[in-house]
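Peer 1: If you scroll down you'll find the structure; I have some questions about it.
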Amino acid sequence: MRQPLVAGNWKMHGSRADNARLIGALAERFPATDVACAVCPPHVYLSEVGRMLRAAELPIALGAQDVSAELKGAFTGEVSVSMLEDLDCSYVIVGHSERRKAEGEDDHLVARKFDAARSKLVPILCVGERLGERQEGETLAVIARQLDAVLERCGAIGFGGAVIAYEPRWAIGTGMTASPEQAQEVHVFIRRHLAQQDAKIADEVRILYGGSVNAGNAAELFAMPDVDGGLIGGASLKAEEFLAILAAAGR
Ligand code: PEP
């Protein structure tokens with residue numbers, strides 16, 4: 001049985017005051033739940049948000065939005081896996097489509113980041129197709145290519161304990177959401193693709209859906225048998241909405 005996970009990607013939003021307000025609002029109503037929960041603030045706030053989560057005794061893990069593929073050295077502006085570990089981060093997102101697009105991260109670099117992260121943190125590998133690729137019927141080929149880059153570098157064993165987030169690019173921050181059936185089709189494909197190399201790891205890996213998840217559509221997405229929770233962007237910045245999504249992920 002896979003434990004569902006709901007992770008909030010705060011993207012480049014927030015301030016120290018906003019973060020304190022958001023965590024305060026989450027603390028007021030955080031339910032007893034069997035769903036794992038994480039938030040991924042910008043790097044500069046990780047330390048303080050971690051302190052606030054501990055002070056509020058919230059069972060919310062800390063995650064980062066990105067990490068360097070390099071372990072240490074002369075890489076100005078970069079943040080290493082061991083630095084994130086030092087800040088008590090548990091998760092790190094790699095290959096988010098906003099980084100693949102705006103920062104030109106390709107499958108190879110994403111695979112290197114995943115590989116660097118997996119020894120100390122739980123990587124959340126984002127995969128997903130563009131609208132044009134879906135319209136051309138290329139969705140599954142794109143997902144396979146993105147997975148294969150990681151499989152070639154780390155093998156199926158690399159996905160042991162890891163998380164995959166299926167995030168169709170056309171659904172991120174657009175208000176357009178994949179239908180539950182569209183999400184399920186891709187999630188099953190991901191699991192079968194991994195199962196060709198390791199059936200146990202494929203069965204155990206958690207596959208989140210991300211792309212305009214909100215309090216209104218979360219339950220039907222999470223009801224799909226291969227959807228193990230969500231990676232939540234915009235809606236994770238509103239406590240009520242995020243908590244409603246968390247409740248929808250309970251089994
Ligand atoms: C995301 O940032 O990973 C995301 C899914 O964003 P949104 O929920 O806003 O579409």
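What follows draws every value from the coordinates through simple rules; no lab data is involved. All values derive from a computational prediction rather than experimental measurement. Quick reminder, even Gly has a Cβ in these numbers, built from the backbone with ideal geometry, and neighbours come from all protein chains shown.
Peer 1: Counting alpha carbon pairs within less than 8 Å and at least 6 residues apart, what relative contact order, in whole percent, applies to region 167-223?
Peer 2: 51 percent.
Peer 1: Suppose a student asked you for the relative contact order of region 58-106, using Cα pairs under 8 Å spaced at least 6 residues apart; what percent would you report?
Peer 2: Taking the mean separation of contacting Cα pairs over the length of region 58-106, I get 42 percent.
Peer 1: Compute the relative contact order of the chain as a whole-number percentage, counting only Cα pairs closer than 8 Å that sit 6 or more residues apart in sequence.
Peer 2: Result for the chain is 22 percent.
Peer 1: Please rank Thr76, Thr174, Thr33, fewest neighbouring Cβ atoms within 10 Å first, as an exposure proxy.
Peer 2: In order of increasing Cβ crowding within 10 Å: Thr76, Thr174, Thr33.
Peer 1: Still on this structure, I have one more. For Ile232, which sequence-distant residues (separation of 5 or more, or a different chain) have an amide H within less than 5 Å of its own amide H, given hydrogens modelled in the peptide plane?
Peer 2: Close amide H contacts, sequence-distant or interchain: Ala7, Gly8, Asn9.
Peer 1: With springs only between Cα atoms under 10 Å apart, run a GNM on the chain and tell me which of Leu221, Leu62, Leu71 wobbles the most.
Peer 2: Comparing Leu221, Leu62, Leu71 in the GNM, the peak value goes to Leu71.
Peer 1: Under 5 Å between amide H atoms, partner at least 5 residues away or on a different chain: which partners does Arg206 have, H built in plane at 1.01 Å?
Peer 2: Ile164
Peer 1: ³J(HN,Hα) across region 56-68 via Karplus (A = 6.51, B = -1.76, C = 1.60, θ = phi - 60°), whole Hz, x for Gly/Pro?
Peer 2: These are the phi-based 3J(HN,Hα) values: 7, 6, 8, x, 10, 7, 9, x, 10, 8, 6, 8, 6 Hz.
Peer 1: List nothing, just return the count: lysine pairs in the chain, 8 or more apart or interchain, with Cα separation under 22 Å.
Peer 2: Counting lysine pairs in the chain gives 7.
Peer 1: Oh, and also: Along its principal axes, what span do the Cα atoms of region 47-179 show, with the longest given first and each in whole Å?
Peer 2: 48, 33, 30
Peer 1: Output ³J(HN,Hα) for region 234-247: one whole-Hz value per residue in order, computed from phi by the Karplus curve 6.51 cos²θ - 1.76 cosθ + 1.60 with θ = phi - 60°, and x for Gly and Pro.
Peer 2: So the Karplus estimates, Gly and Pro as x, are x, 5, 7, 8, 10, 4, 4, 5, 5, 5, 5, 5, 4, 5 Hz.
Peer 1: Between Glu136, Glu78, Glu98, find the one with the highest GNM mean-square fluctuation for the chain; connect C-alpha pairs within less than 10 Å.
Peer 2: With Cα springs under 10 Å in the chain, the top fluctuation among Glu136, Glu78, Glu98 is at Glu136.
Peer 1: Applying the Karplus parametrisation 6.51 cos²θ - 1.76 cosθ + 1.60 with θ = phi - 60° to the phi angles of region 19-34, what ³J(HN,Hα) value in whole Hz is obtained for each residue in order, glycine and proline being reported as x?
Peer 2: 4, 5, 5, 5, 5, x, 5, 5, 5, 4, 10, 5, x, 6, 8, 9
Peer 1: Next question. Can you give the charge dipole size of the chain about its Cα centre, rounded to the nearest 20 debye, using +1 on the beta carbon of Lys and Arg and -1 on the beta carbon of Asp and Glu?
Peer 2: Using Cβ point charges on Lys, Arg, Asp and Glu, the chain gives about 320 debye.
Peer 1: A further question on this structure: Which of Met83, Met12, Met52 has the fewest other C-beta atoms within 10 Å, and how do the rest follow up to the most?
Peer 2: If I rank by nearby Cβ atoms, fewest first, I get Met12, Met83, Met52.
Peer 1: Using amide H atoms built in the peptide plane, which far-off residues or other-chain residues are under 5 Å from Val92 H to H?
Peer 2: Residues meeting the amide H criterion: Ala64, Val122, Ile124.
Peer 1: Please sort by residue number the chymotrypsin sites (Phe, Trp or Tyr not before Pro) in region 14-105 whose DSSP state is loop and whose Cβ has at most 15 other Cβ atoms within 10 Å.
Peer 2: Answer in residue order: Phe75.
Peer 1: Next question, about the same structure. Could you work out the equivalent-ellipsoid semi-axes for the chain, taking the square root of 5 times each eigenvalue of the Cα gyration tensor, largest first, in whole Å?
Peer 2: They are 25, 22, 17 Å, listed largest first.
Peer 1: I'd like the distance separating the alpha-carbon centroids of region 204-251 and region 51-98, in whole Å.
Peer 2: Cα centroid to Cα centroid, the span is 22 Å.
Peer 1: Springs between alpha-carbon atoms under 10 Å, Gaussian network over the chain: tell me which of Asp148, Asp86, Asp115 tops the mean-square fluctuations.
Peer 2: Asp86
Peer 1: Something else now. Can you compute the helix-only [θ] at 222 nm over the chain? Use -39500 (n - 2.57) per DSSP H run of at least 4 residues, normalise by all residues, nearest 500 deg cm²/dmol.
Peer 2: -12000 deg cm²/dmol
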